[in-house]
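Input: a single structure, listed below in structure tokens.
Every read-out reported here was derived from the displayed coordinates using simple, explicitly stated rules and does not represent laboratory data. These figures come from a predicted structure and were not determined experimentally. Positions of Cβ are generated from backbone atoms using ideal geometry, with glycine treated the same way; all protein chains shown enter the neighbour counts.
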Amino acid sequence: PRFSSLTSICSTRASHNEEAAAKAAADTGAPTIFDKIIAKEIPSDTVYEDDNVLAFRDINPQAPVHVLVIPKFRDGLTSLGKAEPKHVEILGQLLYVSKIVAEKEGILDGFRVVINNGAEGCQSVYHLHLHVLGGRQMKWPPG
Ligand code: TR5
């Protein structure tokens, strides 16, 4: 089957519990771990915050700089594939905050913004998020 080894393809997670969680991840619309991060019930290393957007360091960084940029109000945006016209403004804000994050982190001359979408795109958390990656030479094509 197409996704039989999805977890090993997509994940570099250290713990089996997290792997199990990732394997079970599906776009159910259920609350995610990011809700707890937004509510400050789980601590995160915040890089940027405003009324609509939160940016915090990825717990499993894939580059010296690896920051996640998320909308505070998911509003149906479990993934980019769920975007509708009403989301255009927040989508623009998320992209602009990615630039602010790159600037703050000193990587404006070379960085990458990634959105993983769905199982085949290796998405594991169903609350839209932009990965801002940099601080090393990136490679192309990505895996
Ligand atoms: O795989 P996708 O594109 O969905 O990205 C989800 C990202 O969330 C991964 O890069 C994870 O490393 C990251 N992640 C997962 C958790 C987490 C986190 N980043 C910061 N803090 C986190 N906490 C507290 N818990 C997580 N489960």
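May I ask you to list the chymotrypsin sites (Phe, Trp or Tyr not before Pro) in segment 81-143 that are in a DSSP loop and have at most 11 other Cβ atoms within 10 Å of their Cβ?
Values: sites: Tyr96, Phe111, Tyr126; in loops: Tyr126.
In loop regions of segment 81-143 (DSSP not H, G, I, E or B), there are no sparsely surrounded chymotrypsin sites (Phe, Trp or Tyr not before Pro).
Near Lys86, which lysines are there with a Cα under 30 Å away, not counting those fewer than 8 places off in the same chain?
Within the straight-line cut-off, Lys86 pairs with Lys36, Lys40, Lys72, Lys99, Lys104.
Considering only DSSP states other than H, G, I, E and B, which GluC sites (Glu not before Pro) in segment 69-134 qualify as loop sites with at most 16 other Cβ atoms within 10 Å? Working shown, then result.
Working: sites: Glu89, Glu103, Glu105, Glu120; in loops: Glu105, Glu120.
Those that pass, being in a loop and sparsely packed, are Glu120.
Let me check against my output: what whole-number percent is the relative contact order of the chain, with C-alpha pairs under 8 Å and at least 6 apart?
Details: 194 pairs, mean separation 40.3, N = 143.
Taking the mean separation of contacting Cα pairs over the length of the chain, I get 28 percent.
Between rounded, prolate and oblate, where does segment 68-143 land on the alpha carbon gyration tensor, with a ≥ b ≥ c its root eigenvalues, rounded for a/c under 1.5, else prolate if a/b exceeds b/c?
oblate
Between Lys82 and Val113, how high is the FRET efficiency from 1/(1 + (r/R0)^6) when r is the Cβ-Cβ distance and R₀ = 25 Å? Nearest 0.05.
Numbers: r = 19 Å, r/R0 = 0.74.
Efficiency, from the Cβ-Cβ distance: 0.85.
At 0.36 nm per residue, and after removing the present C-alpha to C-alpha distance, how many nm does the segment from Ile9 to Glu49 gain when stretched out fully?
Details: separation 40, 0.36 × 40 = 14.40 nm, distance 3.20 nm.
Stretched out fully, the Ile9 to Glu49 stretch lengthens by 11.2 nm.
From the C-alpha coordinates alone, can you work out the Kirkwood hydrodynamic radius of segment 43-101, in Å? Numbers along the way, then the final one.
Details: mean 1/r = 0.0825 Å⁻¹.
The answer is 12.1 Å.
Hey, what's the Cα Rg ratio for the chain versus the globular rule of thumb, 2.2 N^0.38 Å? Write out the running numbers ahead of the final one.
Details: Rg = 14.8 Å, N = 143, 2.2 N^0.38 = 14.5 Å.
Ratio of Cα Rg to 2.2 N^0.38 Å: 1.02.
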